[in-house]
Structure formats: structure tokens, C-alpha cells
1. Looking only at the range 193-210, which residues are over 20 Å from Asn159 (Cβ atoms) and part of a strand (DSSP E or B)?
2. Among (1) under 17 Å from the mean Cα position of the chain (by Cα); (2) free of Cβ contacts under 8 Å to residues at least 24 places away in the same chain; (3) open to solvent by less than 40 Å² (accessible area, probe 1.4 Å), which single condition is Ser179 missing?
3. Can you work out which of the residues in the range 44-89 that are farther than 18 Å from Gln111 by Cβ and of a type in the set (Asp, Glu) is surrounded by the fewest Cβ atoms within 10 Å (Cβ to Cβ)?
4. Would you kindly identify the strands (runs of 3 or more DSSP E) lying entirely within the range 223-342 that contain at least 3 residues that are among the aliphatic types (A, V, I, L, M)?
5. What residue, of Ser122, Ser142, Ser114, is out of contact with any Cys (no Cβ under 8 Å at 6 or more places or on another chain), within 19 Å of Thr49 (Cα to Cα) and either charged (D, E, K, R) or surrounded by fewer than 20 Cβ atoms within 10 Å (Cβ to Cβ) (or both)?
6. When Gly334 is evaluated against the numbered criteria (1) free of Cβ contacts under 8 Å to residues at least 40 places away in the same chain; (2) within 25 Å of Gly239 (Cα to Cα); (3) not aromatic (Phe, Trp, Tyr), which criterion, by number, is the only one it fails?
Amino acid sequence: PNVGTYSVAQGSLDVGTLALGDGSVGLASNYTLDGGSHSADITQRPLSTWSGAGADNRWSNPANWDALPNLNNVAAVSIPSATVVYDAAAGNTTLGSLSASALTVSGGSLQLASGLALQSYSQSGGLLSGQSLAVSNSFSQSAGSIEMASIDLTHTSGNLSFSGLNASGSVSLAAPTGSIAQSGPVTAQALSIQSASGVVLNNSGNRVSVFSASNSGSGPIELTSFGPLDLQNINNTSGNIRVVGTGGVTSSGAVVASSGSVSVTANSPLTIGAGGVSASGNIDLVATNQTSDGNIVLDGPITSSSGTLTIDAAADLTQNSSVSAPQGSVRAGGTISFGANAISDARLSYQDSSQSTVSPPATSIGDVVLDPVALNEISSITIVVSYAQEFTAQTDSTQTATPTTTQATQTSTQSEDSGSSADAAATGSQSTSESTAEGDKEKEGAQSVGLVIEVQICRR
């Protein structure tokens, strides 16, 4: 029986043989014991310790314990050194605490009133619930579920996989030598990921409010989640980033794909924060109007170094930052507006709901986009002109002159009037051209074959 007080009819509780003895008020023979109600108290045992004498590692086998912990009859359990299997036959057990280094759950329900810290955990069925779970070395979950206030899992060797994680607070997953994948949903207020070869979490049942992730090797970072989602410091060293949110998506940290592409789709408003989005490849930012207005607000820089940029808002788009890419388009189903800090690459096209081209503000030197604040911080501009010349001087029938290379540098310092820097640089360049041209006249048959111009901008 479980812990508690029981009142039972005669015969339903085996308490052995009841007998009356002679007492100070009379002889026992003068009395009879009739049927009726009897009560018994079962007190919770403070501690149950694993012995392993049953030799099968099953929790449900009484021979493995000094007292079998089941239901609520034991406050605490100690498993000194064994990998115990909590099996379906163990049923439902509630404990105040569990001390162990390894645990396997294959069925039933094990509920803890406190936190559980393990080196190794595996699960193929059943439910583990409580306050917190921390696994430091090895984790696998092919079936079943874990429900905690917080979950912190590290799988040190290889790939980490799970079938069902539910936390009212945070979930932290780390696979320092592998990837992370799921066969069932994850629910968390905050989900933090660290992997070496990518993470793919695209289960339709995912419910994540805050997402941060880093991947140190090759492989993607992918998340599909229901409800509002905040992206915090997502960094992929060598792979793509793909995020799909069925609610609004906001980035409060930087989203960076150093050697890959970035795709963020919000089926509601999309807001890019001050950290911005950067990638070597393509960038796709999309806001649909499936759940609410599909507005896009850009408050941080959007930069693709070598890919195509696509920004598509079902409703309005507001740009308050720089947008740069070798090619691409910015479209809005409503209006497009620009804030005071908006800077746009001239290589991009803008189109609003009227299907007409919008002319964005652009501040650039060639293909280099400059922030207005940065312009005020320039102390000098150095222009380096390098050219090569090849010529043939017929001094006799066999002698040929060798090629020469000349380099000239002109440096000018910006004055309070920014125009003076440009004038000084232009003057220096002109003088260099004139002086070298006169020298070239002395070399009969001279012919220019190459020219490189480099602009170096130095901050104060």
C-alpha cells in the first residue's frame, strides 16, 4: 500500500491473527472479538537504497532494493553505482529526490520534487518529470518525454537526438562534436543550442519564445516554431541559417552566417534589431500576413558580401539602417519608408504596392556603402595608384629594354570642409600622372598594360 491512513473492513487487510488477552478488567474468555472497522497507518520511508541483488537492473524488481520505491512510499532514492532501468512495471513513482549517475527510462512515470543531475541518461518510453534535469556526458531519447522547469543536456561524443522536451523555463542543448536533431517537439521559454555539425529542429509542434544558437563547424542551423519568436545571437561558422516562425519574429541579437546564407520567414511582422543580419551568401527576409499584418522593420544592418538579397513584406516596410548586397530586390505590398539612418546599395531595386520603383537614399563610394556617422570620423584618405608599363627601345638589332613598374602614393588629410580632402586627393593624382607621363616620353615605344586604384579610408 501507498503512504497514508487506511480504514478497511474486517478481512480486507491482512494483519495476522488477532487475539484477546487477560486484563485488569476481566478474563479474555469473557469477551469475543467481532468483525468491524480497523485502521492502519503506513509511514513514508526516508530512504531506499539500490542493492542490485536481483541482477536484472529493473527498478520494478523488489530484490534490487532494501525497500522497493513505488507510488509515494519512499522520500528519497540512492543508486550508488549502476544504470537502473525505470520500466513500465514500476508504474507511477513520486520521489522527493533521486541520487544517481546514470538512469534509463523505458516506461511508466517517474516524478521528482527536486532537481536531477546525471552523467548519463537514455529514454525509450515513459515520462520523467520534476524541477530540473542536467546531463553532463551522454544523452539519448528515442521515445517518451521529459517535462521539467529547466533542461540542460550535453552529449559529449557524437550526435544528440531527442523525442520530446517540455520546459516551462529554459532548454540548453550541446553537442560539441556532433549535430542536434529531433523526432518530437521541444517546448521552452528559451532554447539555447551549441553544436559542431549543425542543428535541424523543424518539428511542427515546436514552441520556442527565445532562440540562440552557435555552430562551430559545417552544417545548418534550422528552427521552425509556433508563436512569437526572438532571435538572439545566432552564429553559423560554415553553413546556412533558416528560421520559420508562425508568429512574429524579432531579432534582438546578431544573425551571422559567415560562410552561408540566411533565411528568416515570419508569418506575421518581422523586425530586425540593431545586431542586424549578415551572410556571405543569399539573404531572404520575408513577412507574410497569414496571422497578422506582414510588416518588416529594419533597425540593423543587412549585409550580403557575395549573394542575392531578397526582402519581401506583405504589408509595409520601414528601413532605418544600411542595406547592402551585390544584387537583389526589396519589395513591399504596402508602402516603403526610410528613416534618418537609412542607407541603400545602388545595386538593389525597390518596389512598393503600386509596382513602381522607389528611389531609396544612398550614400556610397562606388560599391562601398558608408554609414553617415562613419563619414564624420574619417581623418584621412589615401589613394594608391599602381601601373605597369612595357616598352621596346630599338638601340640595335638585338637589345630590348626590360619592363618597369612604377607606384605613386598621394595622401590627403580631411579638413573641416570634407570637400577639401577630395580636392587635395585629385590634385595629388593629377601631379603624379603628369610627372610620370613626362618620364614615359623618354622611353620610345612605351605602352601601358595595367592600372590599379586603391582607396584607403582611415578613421580618426
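1. The answer is Arg207, Val208, Ser209, Val210.
2. (2)
3. This residue is Asp56.
4. It comes to 229-238, 241-245, 255-257, 262-266, 283-287, 296-298, 308-313.
5. Ser114
6. Here Gly334 meets the rest and fails (2).
Yes or no, residue by residue, for (1) open to solvent by less than 10 Å² (accessible area, probe 1.4 Å); (2) touching a residue at least 24 places away in the same chain (Cβ under 8 Å); (3) within 12 Å of the chain's Cα centre (by Cα):
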{"site": "Gly205", "(1), (2), (3)": "no, no, no"}
{"site": "Gly219", "(1), (2), (3)": "no, yes, no"}
{"site": "Ile234", "(1), (2), (3)": "yes, no, yes"}
{"site": "Arg242", "(1), (2), (3)": "no, no, yes"}
{"site": "Gly245", "(1), (2), (3)": "yes, no, no"}
{"site": "Val256", "(1), (2), (3)": "no, no, yes"}
{"site": "Val262", "(1), (2), (3)": "yes, no, no"}
{"site": "Ala274", "(1), (2), (3)": "no, yes, no"}
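The values are calculated or read from the model by the stated rules, or taken from the named source; none is laboratory data. Nothing here was measured: the structure is a model prediction, and the numbers come from that model. Heads up, the Cβs are rebuilt from the backbone with ideal geometry, glycines too, and the neighbour counts pull from every protein chain shown. Just so you know, the surface numbers come from the protein's heavy atoms only, side chains and all, with ligands and any DNA or RNA stripped out. Shrake-Rupley method; radii C 1.70, N 1.55, O 1.52, S 1.80 Å.
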